[in-house]
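Take a look at the structure below.
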């Protein structure tokens, strides 16, 4: 009986050694390259050469001037949206007055009227304010020859009062005109808060 147990144990040990040797020999060696590519039948799969992609064409000097002009317009839109959209009831509408250099005369007249109307509606007690951050600025329409541009500025606005805080996004569409080589804001339109 003991002899039978010894034979069975020796047989199991021999099988374990054989299996271990098999797996050791099949394992990839250090430094060898192992690739996991699917086996394909070259007769069934047609190999197509990669399509060459041409490098981007450099901009002409005229295109560079247009892109530079649009970039300036986007910057005007961003500055205007952040400054115009940020205010507090304790700031005396200085946020709007500070933007006068970026406004056309008709926009300044509109802004003065807006300040008067908003001051009349403004609550006396407590704090109320809005902080606006520009998230995106896209030139939606560019008519360089006519000196007109429309910039859509995506903003995040945070309204604070003594009682609550509300955060939302809102787009400001800025209509700019070029006057003496400088982009100025001619009108604006706030979109729907989201």
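The values are calculated or read from the model by the stated rules, or taken from the named source; none is laboratory data. The structure displayed is predicted, hence computed values, not measured ones. Glycine gets a Cβ as well: all are built from the backbone with ideal geometry, and neighbour counts include every protein chain shown.
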I need the full set of residues from segment 38-57 which are under 30 Å from residue 142 (Cβ atoms) and at pLDDT below 80, in order please.
54, 55, 56, 57
If residue 114 satisfies all but one of (1) over 20 Å from the mean Cα position of the chain (by Cα); (2) within 19 Å of residue 189 (Cβ to Cβ); (3) surrounded by 18 or more Cβ atoms within 10 Å (Cβ to Cβ); (4) at pLDDT below 90, what's the number of the condition it fails?
(3)
Select from segment 155-165 the residues that are more than 13 Å from residue 78 (Cβ to Cβ) and surrounded by 15 or more Cβ atoms within 10 Å (Cβ to Cβ) and write down the one among them that is nearest to the chain's Cα centre (by Cα).
157
Residue 136 - would you say it is modelled with pLDDT of 80 or more, closer than 24 Å to residue 173 by Cα and exposed (fewer than 14 other Cβ atoms within 10 Å of the Cβ)?
yes
Yes or no: segment 181-194 includes at least one residue that is part of a strand (DSSP E or B), more than 16 Å from residue 78 (Cβ to Cβ) and in contact with a helix residue (DSSP H, G or I) (Cβ under 8 Å, 6 or more places away or on another chain).
yes
Counting only residues in segment 98-111 that are surrounded by fewer than 15 Cβ atoms within 10 Å (Cβ to Cβ) and within 30 Å of the chain's Cα centre (by Cα), the one farthest from residue 182 (Cα to Cα) is identified as 98
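Matching residues to (1) within 25 Å of the chain's Cα centre (by Cα); (2) modelled with pLDDT under 80; (3) closer than 30 Å to residue 158 by Cα:
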site: 9; (1), (2), (3): no, yes, no
site: 12; (1), (2), (3): no, no, no
site: 23; (1), (2), (3): no, yes, no
site: 28; (1), (2), (3): no, yes, no
site: 36; (1), (2), (3): no, yes, no
site: 61; (1), (2), (3): no, yes, no
site: 71; (1), (2), (3): yes, no, yes
site: 74; (1), (2), (3): yes, no, yes
site: 88; (1), (2), (3): no, no, yes
I'd like the full set of residues that are closer than 15 Å to residue 185 by Cβ and either in contact with a helix residue (DSSP H, G or I) (Cβ under 6 Å, 6 or more places away or on another chain) or loosely packed, with under 11 Cβ neighbours inside 10 Å (or both), limited to segment 142-154.
149, 151, 153
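Table: residues versus (1) at pLDDT 90 or above; (2) within 22 Å of the chain's Cα centre (by Cα); (3) surrounded by 14 or more Cβ atoms within 10 Å (Cβ to Cβ).
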residue	(1), (2), (3)
125	no, no, no
128	no, no, yes
167	yes, yes, no
176	yes, no, yes
181	no, no, no
